[in-house]
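Presented below is the structure to which this report refers.
Read the figures in this text as sums done on the coordinates, not as results from a lab. The shown structure was predicted, so the numbers you read here are calculated from the model rather than taken from an experiment. Here the Cβ positions follow ideal geometry from the backbone for every residue, glycine too, while neighbour counts run over all protein chains shown.
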Amino acid sequence: MSETLDKILISSDSPKWHEEIRTLKASLKRASFFEPGGKEDRQIDQVLEKFRSSPLGRRDSILGNYTEQFDDVKLPSSQFRISQRELKKAHQKIDKKLLVSIRKAIVNVRKYQKNIFIGTAKKDSNSAGIKYTHIKRVGICAPGASAPLPSTVIMTAVPAQVAGVEEIVVVSPPRYNQTIHPVTLAVCQELGVNEVYRVGGIQAIAALTYGTPTINRVDKIVGPGNTWVQTAKKKVFGYVGIDSVAGPSEVLIIADKSANPAWVAADMLSQAEHSPGSAVLFTNSKELANNVLTELKKQFEMLDRKRETFECLLNYSRIITFKKFGEVVIQANFFAPEHLEILCGKNSRQSAKKIENAGAIFIGDYSPVAVGDYFAGPSHTLPTGGCARFSSALTSNDFIKSTSIIEYDKKKLAESAEDIIRLAEAEGLDAHAKSIWLRLGLRQDE
């Protein structure tokens with residue numbers, strides 16, 4: 001099986017290497033959401049429409065029916081919400097050393113998010129200003145299918161708490177003994193998030209968007225999920241806010257001949273095991289490329305999630321060699337990855353300055369993606385599928401909204417009246433112009 005991995009090694013000497021990169025980018029984007037009009041897309045439409053068009057009183061029943069259909073778990077509405085007793089029990093039983101690590105991660109994330117928060121800033125230039133208001137109610141999707149991700153709760157709930165969000169709701173599919181994984185519950189309890197529901201998938205997105213008798217609708221939905229969840233998030237945008245439409249987890253590693261091939265291979269596998277996950281290496285060293293491929297084959301054989309990782313390596317991963325390092329940087333900015341590691345020895349920080357498009361940049365040999373996933377402070381909820389060209393990591397600032405403030409007195413309005421009237425009349429909006437000259441006792445023909 002491992003010998004098949006030879007096909008992921010590509011040289012820029014090949015006439016088709018440009019096509020390989022474009023094909024890879026397209027496959028990652030396609031994996032983010034279902035194509036409009038397809039079978040899966042229509043099924044999501046049906047679920048969302050069922051919730052939207054049904055009376056509020058029927059929606060708990062609909063939520064229960066879809067949970068039984070999609071998750072094979074039958075739950076009455078009285079069991080949707082995790083009880084306080086269950087949250088406390090999970091917290092009491094969690095491994096104490098793990099709890100210490102969780103608390104350290106929370107401290108790091110909270111400190112970072114407070115440092116970058118702009119919501120307390122006030123800007124006023126007498127006649128115009130801005131005010132910030134936190135979002136009131138936020139829903140968090142905590143995955144629980146291929147693997148439970150309690151770290152997602154930390155990386156989404158803590159920024160929301162820093163922003164001042166009053167109501168934080170966590171939804172997660174009942175995939176662990178027909179409920180939510182206890183570590184996820186323990187993290188919720190540690191953070192004081194006590195509105196937690198054992199529902200997931202399209203039906204959870206619908207419940208958060210439209211509301212049910214048990215689950216009140218939210219203002220914004222954040223967090224990762226599979227293609228079903230992400231497509232549903234995409235479709236409900238406008239009814240609620242969303243963070244992004246997240247595709248497969250990605251790492252692009254920029255490395256030169258000084259990089260340790262075993263470390264590069266380990267970092268590639270750490271993303272490929274996500275299922276789906278993408279791992280790409282750009283280097284100007286053919287020797288490193290060959291050594292990394294050898295290490296990938298060796299380390300791959302020792303993984304627990306071997307089959308899933310193998311498929312991700314073949315479908316979403318590549319090792320590409322370039323003649324010049326400058327081309328590596330150009331193509332990295334074109335790729336705009338979720339995670340970008342730079343393993344170029346003493347030149348790592350200087351190379352990082354040339355990167356314009358990345359969700360998060362990890363500089364140097366001792367900054368693997370796992371540090372950011374769990375501990376460093378920035379949220380691991382990041383733009384994928386090339387969206388780093390125009391989008392950013394989730395932060396505390398994503399849980400506030402800005403409102404423009406305009407305050408003119410009579411003198412200020414009089415100073416600007418002619419210009420405002422002229423602009424309004426140029427657009428043929430006479431009522432706009434009248435709203436100005438009427439206040440100032442002017443005649444329309446003046």
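Once you sort the root eigenvalues of the Cα gyration tensor of the chain as a ≥ b ≥ c, which label holds: rounded (a/c under 1.5), prolate (a/b larger than b/c) or oblate (the other case)? All intermediate terms of the calculation are to be shown ahead of the outcome.
Values: a/c = 1.85, a/b = 1.27, b/c = 1.45.
Oblate shape, in that a/c is at least 1.5 and b/c is the bigger or equal ratio.
When every alpha-carbon pair in the stretch 107-202 is counted, what percent end up more than 23 Å apart? Please list the in-between numbers first.
Numbers: 1549 of 4560 pairs.
Of all Cα-Cα distances in the stretch 107-202, 34 percent exceed 23 Å.
Any chance you could list the semi-axes, whole Å, largest first, of the equivalent ellipsoid that the Cα gyration tensor gives for the stretch 360-440, using √(5λ)?
Values: eigenvalues 525, 46, 22 Å².
Ellipsoid half-lengths, sorted descending, are 51, 15, 10 Å.
What is the helix-to-structure angle for 325-335, meaning the angle in degrees between its Cα long axis and the longest Cα principal axis of the chain, kept from 0 to 90 and rounded to the nearest 10?
50 degrees
Which whole-number value in Å³ per residue fits the convex hull of the alpha carbons of the stretch 41-242?
Values: hull volume 25.9 nm³, N = 202.
In the stretch 41-242, the Cα hull volume divided by residue count equals 128 Å³.
On a 0 to 90 degree scale, rounded to 10, what angle separates helix 261-272 from the longest Cα axis of the chain?
With both axes taken from Cα atoms, the answer is about 50 degrees.
Step through the table entries 74/233; 39/235; 136/401; 104/354; 88/233; 114/136, compare each Cα-Cα distance with 21 Å, and write down the pairs that go over it. Walk me through the numbers before you get to the answer.
Numbers: 74/233 24 Å; 39/235 15 Å; 136/401 10 Å; 104/354 32 Å; 88/233 31 Å; 114/136 18 Å.
From the list (74/233; 39/235; 136/401; 104/354; 88/233; 114/136), the Cα-Cα distance tops 21 Å for 74/233; 104/354; 88/233.
So how do 80-88, 93-101 stack up, highest first, on mean other-Cβ count within 10 Å?
On the way: 80-88: 16.0, 93-101: 11.7.
Highest mean packing first, the order is 80-88, 93-101.
If I model a spin label as a point 7 Å beyond the Cα along the Cα-Cβ vector, how far apart are those points for residue 56 and residue 98 in nm?
It is 3.9 nm.
Divide, for the stretch 289-389, the radius of gyration over alpha carbons by 2.2 N^0.38 Å, where N is the residue count.
Numbers: Rg = 14.6 Å, N = 101, 2.2 N^0.38 = 12.7 Å.
Ratio of Cα Rg to 2.2 N^0.38 Å: 1.15.
Find the relative contact order for the stretch 41-242 and round it to a whole percent, using C-alpha pairs within less than 8 Å whose residues are 6+ positions apart. Don't jump to the answer; show the numbers that get you there.
On the way: 312 pairs, mean separation 56.5, N = 202.
Over the stretch 41-242, the number comes to 28 percent.
Taking the stretch 322-366, which GluC sites (Glu not before Pro) meet the DSSP loop condition and have no more than 11 other C-beta atoms within 10 Å?
Working: sites: 327, 338, 341, 356; in loops: 338, 356.
Here the GluC sites (Glu not before Pro) that fit, given the DSSP loop and packing criteria, are 356.
Among 390, 335, 310, which one moves the most in a GNM of the chain with springs linking Cα atoms closer than 10 Å?
390
So how tilted is helix 286-300 from the main axis of the chain? Cα-based, degrees 0 to 90, rounded to 10.
Once rounded, one gets 80 degrees.
Order 23-35, 167-179 from most to least packed using the mean count of other Cβ atoms within 10 Å.
Working: 23-35: 17.1, 167-179: 21.3.
With the highest mean Cβ count within 10 Å placed first, the list reads 167-179, 23-35.
Pop a pseudo-label 7 angstrom from the Cα along the beta-carbon direction at both residue 11 and residue 434 and give the gap in nm to one decimal.
Output for this residue pair reads 7.6 nm.
With springs only between Cα atoms under 10 Å apart, run a GNM on the chain and tell me which of 359, 38, 241 wobbles the most.
Highest fluctuation among the options: 38.
Compute the FRET efficiency between residue 126 and residue 442 as 1/(1 + (r/R0)^6), taking r as their Cβ-Cβ distance and R0 = 25 Å, and round to the nearest 0.05.
Efficiency for this residue pair is about 0.60.
What ranking, highest mean first, results for peptides 422-429, 197-204 when packing means the other Cβ atoms within 10 Å averaged over each residue?
Values: 422-429: 11.4, 197-204: 26.1.
Those peptides, ordered most packed to least, come out 197-204, 422-429.
For residue 287 and residue 346 in one chain, what is 0.36 nm times their gap in residues minus the Cα-Cα distance, to one decimal in nm?
Extra length from residue 287 to residue 346 when fully extended: 19.3 nm.
If you average 1/r over every pair of different alpha-carbon atoms in the stretch 1-89 and take one over that average, what Kirkwood value in Å do you get?
Numbers: mean 1/r = 0.0557 Å⁻¹.
That comes to 17.9 Å for the stretch 1-89.
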